[in-house]
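Here is the structure we will look at.
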Amino acid sequence: MTEKPILPGPDGIEPINLKVALEERYLAYALSTIMHRALPDVRDGLKPVHRRILYAMHQLRLSPDGGFLKCAKIVGETMGDFHPHGNQAIYDALARLAQDFAVRYPLIDGQGNFGNIDGDNPAAERYTEARITHTAADLMEGLEEETVGFRPNYDGRKMEPVVLPAAFPNLLANGSSGIAVGMATNIPPHNADELCQALLHLIKHPNATIEKLVEMIPGPDFPTGGVIVEPRENIIEAYKTGRGGFRIRAKWDKEETARGGYQIVVTEIPYQVQKAKLVERIAELMTEKKLPLLGDVRDESAEEIRLVLEPKSRTIDPLLLMESLFRYTELEVRFGLNMNVLSAGQIPNVLSLRDVLRQWLEHRIDVLVKRSKYRLSKIEHRLEVLDGYLIAYLNIDEVIRIVRFEDDPKAKLMSRFKLSEVQADAILNLRLKSLSRLEEMEIRAEHDKLSGEKRELQQLLASDDLQWERITAEVKEVRERYSKATALGRRRSSFADAPVIDVDLDAALIEKEPVTVILSDKGWVRALKGHVDDLSKLDFKQGDKLKHAVKAFTTDKILILATNGKVFTLEGSTLPGGRGHGEPVRLMIELEENHDIAEVFTYQPGRKLLIASTGGYGFIVPEDEIVASTRKGKQVLNVTEPDEAKLIVPVADNADYLAIVGDNRKMLIFKLEEVNEMTRGKGVILQKSKEGNLADARTFKKSEGLSWVDSAGRTFTMPWSELKEWVGQRAQAGKSVPKGFPRSNSFGPVF
């Protein structure tokens, strides 16, 4: 029997464009990820998995004051009824809600091993137990009073809440993080007392500025403490736009030790940093000699964090030691702010601090209105029943007769006493033993009490002012429960300005040693220890020779001018040692094969340089402007082939004249002020020459004369009185060099 071919036709097979199908399916996946997995709801601050875990625990009647239940049971209920995903994913989410080092106000009270700040995993779900905390109870307060909408669960068997009533501002209090498709969210935790203070201010002043709100909410409050060193203006801008970040540093103190020494004790580490990995990383950096100021690190933590850092010597400044650790380790981290949340559970958008607080208040108003309407309907039903009871009490004998002897007592009661169906059912459902307690005074007392409550609720529903008054009272209650005076509510993170260190930290972290940088003709670079004067015995690869030798220190930056006009920067401490022939410099910088190195020198801050091309063009550039931060270097002198960058020489202190000499042995002297100062460009013409290129240049002071070094190494100085015949203006050709000027057409070494 042959199989029928799968072709478009009457068998229900429909051809579909693959591009359209992929777009539709990917869009559905993206929307599902954004709305049902990764982004929290601005109203209750929860993602679906967390909301479902809490609701499942609510269904299991796990109250804050009740008993604990195995997490395996909770995970099973959540997975079976509401969240059909892996049990490990659910348990991981559950366990995190119980970790006081991960969640500022834990929503789950765990019993057993739920992990620790070292990064150890929680015990298996069969070993741990849990119940909800009072904070989680606040989130679910009024859940049975029709305050929020419900929707069918994944298989339609049960209903689950779309959002929780959230009497606690959970989104900002506990924060959230997640990665969706094309968007992400990252919200740090905050102090509940401060949030409530800002909410109360926002109720009174709906158009409050972010600056005013930041006075009450100065920044995040992380469960692990730490010191926030982000400038205030950056914090305000982050809260205005919903995007930004916060620099958090470990909290440390200096402890004096014997013999005048000291040690640093870290008592708080930044949020989401695993202590064990932090210590391990510090030890690795010490092994790699990247923390030369640190002598030892020890973890003496018990219940409280205590990391001990010992300096290499007691003369090391503790501030300098800590700054080096903040730079290279996770003792300082940056926590990003991206308040991308779901508004009304459907619209992903980035909100400002005021918008987040405002939308939570609007949700609370909505919950209040729905709860009041629910209570009003219950009161009206009860009043209707009480009216029926009162009629039954006043006519008890007739009611008993009708119930005993009539074929349809319900209909007879309704017609005889003009009762509603609800009243008739209530009377018929009365137990005989209740008749003795059915006294008129009790009925009327309850009726009056409920009537008064009904009037209050009707007034509440009719008045926006009364609704805001009620919300104000609720927020004040929350603020009182989570006051900074309580252990849970006290602020943990502090604020400080990062200290200003005058010392060059990069240089301080490198042991200063003299080196001689050797660059060969074929581009091999190495650093010999010490300042070597005799370079005649240097060994090079066959066919190679010395091109440049620069005396420097390991703390120096080595600047390289290439013939294409780019300047590259190398760190003296990273150059290969003097053993062997070194390494190709082109592995360290991105220099094209058709270009070569023109000059090598050490960086001196604040100095000015004259840079020039073979075509005679040049300008003065501040040396600070040519330091490159990447392998690609920095384009300084613009040259057009066949011209090349030829030289770069320092401008002497108080120099007022410039001497230029060309390959044609013509020299020109003119005022230095005629040369422009720039950071990048082609420059101005320094010397015109129909034949030959620019060979060398030197700045000098008129009163000191012009000096050069002859072939024998002797320095010759020509006074200004003898230089006048070469003095002219920029862009002239000049005259033949003075008698005795070196045949190399060079004034001699300058660096």
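Read-outs throughout are calculated quantities, based only on the coordinates presented, and are distinct from any laboratory measurement. As the structure is a computational prediction, the values presented were derived from the model and not from experiment. Here the Cβ is made from the backbone with ideal geometry for all residues, glycine too, and neighbour counts use every protein chain on show.
Taking only the alpha carbons of the range 669-751, we obtain Rg and Dmax values of 13.5, 37 Å in that order. Semi-axes of the equivalent ellipsoid of the range 294-443 are 77, 23, 12 Å, computed as sqrt(5λ) over the eigenvalues of the C-alpha gyration tensor in descending order.
Rg and Dmax over the alpha-carbon atoms of the range 366-481 stand at 19.0, 62 Å. Largest first, the three principal axis extents of the alpha carbons in the range 42-168 are 41, 30, 28 Å in whole numbers.
In a shell of Cβ-Cβ distance under 12 Å around ALA498, excluding ALA498 itself, what net charge do Lys and Arg (+1) and Asp and Glu (-1) give?
Details: positive: ARG247, ARG249, ARG327; negative: GLU230, GLU323, GLU332, ASP497.
Cβ neighbours under 12 Å give a net charge of -1.
Using the charge dipole of the chain (Lys, Arg: +1 at Cβ; Asp, Glu: -1 at Cβ; taken about the Cα centre), state which of MET441, THR185, ASN664 has its Cα farthest towards the positive end. My answer, from the dipole projection, is ASN664.
A simple charge model with +1 on the Cβ of Lys and Arg, -1 on the Cβ of Asp and Glu and nothing else charged puts the dipole of the chain at about 1420 debye relative to its Cα centre. Values of log10 I(q)/I(0) for the range 251-330 across q = 0.11 Å⁻¹ run -0.26, by the Debye formula with one identical scatterer at each alpha carbon and no solvent.
Of the listed pairs LYS646/LYS666; LYS373/LYS449; LYS671/LYS701; LYS512/LYS646; LYS522/LYS682, which have alpha-carbon separations greater than 20 Å here? Could the numbers behind the result be given before it?
Numbers: LYS646/LYS666 17 Å; LYS373/LYS449 17 Å; LYS671/LYS701 10 Å; LYS512/LYS646 32 Å; LYS522/LYS682 28 Å.
Violating the 20 Å Cα-Cα cut-off are LYS512/LYS646; LYS522/LYS682.
Selection among LEU450, ALA302, GLN272 by position relative to the dipole of the chain gives GLN272 as farthest towards the positive end (Cβ unit charges, Cα centre).
Across the range 505-736 the C-alpha pair distances fall into 5 Å bins from zero in the proportions 1, 6, 13, 16, 18, 16, 14, 9, 5, 1, 0 percent.
Given the convex hull over the Cα atoms of the chain, what projected area results after averaging over all orientations, in nm²?
60.3 nm²
Electrostatic bookkeeping for VAL517 treats Lys and Arg as +1 and Asp and Glu as -1; over the other residues with beta carbon under 12 Å from its beta carbon, the sum is +3. Neighbours of PRO206, meaning other residues whose beta-carbon lies under 10 angstrom from its beta-carbon, give a summed charge of +3 when Lys and Arg score +1 and Asp and Glu score -1.
Sorted by average packing, counted as other Cβ atoms within 10 angstrom per residue and highest first, what order do 163-174, 314-325 take?
Numbers: 163-174: 25.9, 314-325: 17.8.
Ranking the peptides 163-174, 314-325 by packing returns 163-174, 314-325.
The protection proxy used here, the mean number of other Cβ atoms lying within 10 Å of each residue, ranks peptides 134-142, 255-263 as follows, highest first: 134-142, 255-263.
Beta carbons within 10 angstrom, averaged per residue: use that to sort the peptides 91-98, 398-405, highest first. Write down the numbers at each step before the final one.
Values: 91-98: 21.4, 398-405: 14.2.
Sorting 91-98, 398-405 by mean packing, highest first, produces 91-98, 398-405.
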